[in-house]
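Engineer: Before I ask anything, here is the structure I am working with.
Read the figures in this text as sums done on the coordinates, not as results from a lab. The structure displayed is predicted, hence computed values, not measured ones. Positions of Cβ are backbone-derived with ideal geometry, glycine not excepted, and every protein chain shown enters the neighbour counts.
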Amino acid sequence: MTRVLLAFDKFKDAMIASQACEAAASALREVQPTWTLESAPLADGGEGFATILTQAARGTDVTKAVAGPRGAVVDATFGLVRVEDIPVSARTMLRLDPALAPDAHVAVIEMATASGLALLAQDQRDPWQTTTVGTGELMRQAAESGAVAILLGVGGSATNDLGLGALTALGFSFFDENGRAVALPVPANWSRITAVRGKVPEHFPPVYIACDVTNPLLGARGAAAVYGPQKGLRAEDHARIENESERLANLLCAHVGRSADLKNEPGSGAAGGIAFGLMAAVGAKLLPGFELVSAWLDLERKIAAADLVITGEGRFDESSLEGKGPGAVAARALARGKIVHVFAGQVASVARPGLSLHAITPGGMPLSEALRQAAPNLHAATRATFSLPL
């Protein structure tokens, strides 16, 4: 009996990870019905993060109405997972107290569901106007539900507000030189802010941020320089938002008694600086996203138990094998002597012994159509590959 592990990441703008796993699984059930299939959709903190981890640990979804990235109300979901259902290695990474009751809950929050770029039409993407208030509201509601820790995935954000919006939902306020409140601390309003007040509630649970980026808050590799353009930041506005980011960061650090050097920490620039804001004001700790997901999904055990590993994402190239997600899955599986097949919309890599690469997009298909047809294309490519004996 052939045991197969399906461990796909998302195909950006086309399929989430679980949909990719199912597209491949449905093809395998048609052509190799005797094979045993196990799915482990991947996430590193972005789209699908909360759903994947919550489902893997048999948790409960909680949906709340919160502020979206431009203020309009959106329905966003977070997960509640019992401590006893989290693999020990993931519990260790979260530094959970071994004395916690087994039925205590950890909240799993995905920033993209409340403050994500995908929630906005192209003409609504403007980091001067977008806010993380909704992410903060989810965090507050998770704490009020009794969660003993909050795990936050921060990929796919639409924001560059240093997490100040989230902090307003957690007890912080911002004021102008006349003592008037600046209710919405989006970057467009930063020039008015001269003072910060407030703090997080007493006994707020510890916050852990799943994040694989190492960008500092400011500079050539900072939040605005690297990620601002995809969120709608114009080149001519970069210097202004950079200068204001530094001023607000210093103001926040002075208020909470943290060193302003925090803005130079690797990862502080994640998701428009929400990592910085939560590190400063809440004492959030950064965790490597893929390593945490791997531990949570018990990926090493699943790879070891498989005869064949199938993975993939939107684009697979030489750098993929040196990075996270499907590349890391493939590397780990190859190290164990497993047969590995990678399916991607685009392939720009060289096969290695034991590694087979498959581009799922038919030749000549326009990108827009390839994105719409990603699931059928993956199904067809999987079916064609495995219709013949290995």
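Engineer: A 22 angstrom limit on the alpha carbon distance is what I want to check against. Which of Lys10/Lys302; Lys64/Lys302; Lys10/Lys324; Lys10/Lys285 exceed it?
Structural biologist: Result: Lys64/Lys302; Lys10/Lys285 exceed 22 Å.
Engineer: Further, regarding this structure: What residues from segment 131-167 fall in the zone where the backbone N is under 17 Å from a label point 7 Å along the Cα-to-C-beta line of His238?
Structural biologist: It comes to 160, nothing else.
Engineer: Work out from phi, with θ = phi - 60° and the Karplus expression 6.51 cos²θ - 1.76 cosθ + 1.60, the ³J(HN,Hα) of each residue of segment 311-321, listed in order in whole Hz, and give x for Gly and Pro.
Structural biologist: So the J values, rounded to whole Hz, are 9, x, 6, x, 9, 10, 9, 4, 5, 4, 6.
Engineer: Can you give me the C-alpha center-to-center distance between segment 124-189 and segment 261-291, rounded to a whole angstrom?
Structural biologist: Taking the Cα centre of segment 261-291 as reference, the centre of segment 124-189 is 14 Å away.
Engineer: Still on this structure, please answer the following. Full-extension gain between Arg95 and Asp13, please, as 0.36 nm times their residue separation minus the C-alpha to C-alpha distance.
Structural biologist: 26.1 nm
Engineer: Name the long-range amide H neighbours of Ala195: under 5 Å, sequence gap of 5 or more, or other chain; modelled H, no Pro or chain starts.
Structural biologist: Correct list: Phe175.
Engineer: Report the full-extension gain for the segment Arg82 to His203: residue separation times 0.36 nm, less the Cα-Cα distance, to one decimal in nm.
Structural biologist: Gain on extension, Arg82 to His203, equals 41.6 nm.
Engineer: If you build a Gaussian network model of the chain, linking Cα atoms that sit under 10 Å apart, which residue out of Thr36, Thr361, Thr51 swings the most?
Structural biologist: The residue that fluctuates most here is Thr36.
Engineer: With r as the distance between the Cβ atoms of Ser145 and Glu246 and R0 = 45 Å, compute the FRET efficiency 1/(1 + (r/R0)^6) and round to 0.05.
Structural biologist: 0.80
Engineer: Which longest uninterrupted range of the chain lacks any trypsin sites (Lys or Arg not before Pro) assigned by DSSP to a loop state (not H, G, I, E or B) and surrounded by at most 11 other Cβ atoms within 10 Å?
Structural biologist: The segment 181-390 is the longest one with no such site.
Engineer: Quick one: net charge of Val83's neighbours, Cβ under 14 Å, K/R +1, D/E -1?
Structural biologist: Neighbourhood net charge equals 0.
Engineer: Work out the FRET efficiency for Arg315 and Gln122 from their Cβ-Cβ distance, taking R0 = 22 Å, and round it to the nearest 0.05.
Structural biologist: 0.55
Engineer: Taking 7 Å along the Cα-to-C-beta vector as the label spot, tell me the Arg180-Arg372 distance in nanometres, rounded to one decimal.
Structural biologist: Going from the Arg180 label point to the Arg372 one covers 5.0 nm.
Engineer: So what is the relative contact order for the chain, in percent, with contacts set as C-alpha pairs under 8 Å and at least six apart?
Structural biologist: Relative contact order of the chain: 19 percent.
Engineer: Another question, if that's okay. R0 = 35 Å: FRET efficiency of Glu38 with Ala351, Cβ-based, nearest 0.05?
Structural biologist: For Glu38 and Ala351, the calculated efficiency is 0.90.
Engineer: Run the dipole for the chain about the Cα centre, Lys and Arg Cβ at +1, Asp and Glu Cβ at -1, nothing else charged, and hand back the magnitude in debye, nearest 20.
Structural biologist: 260
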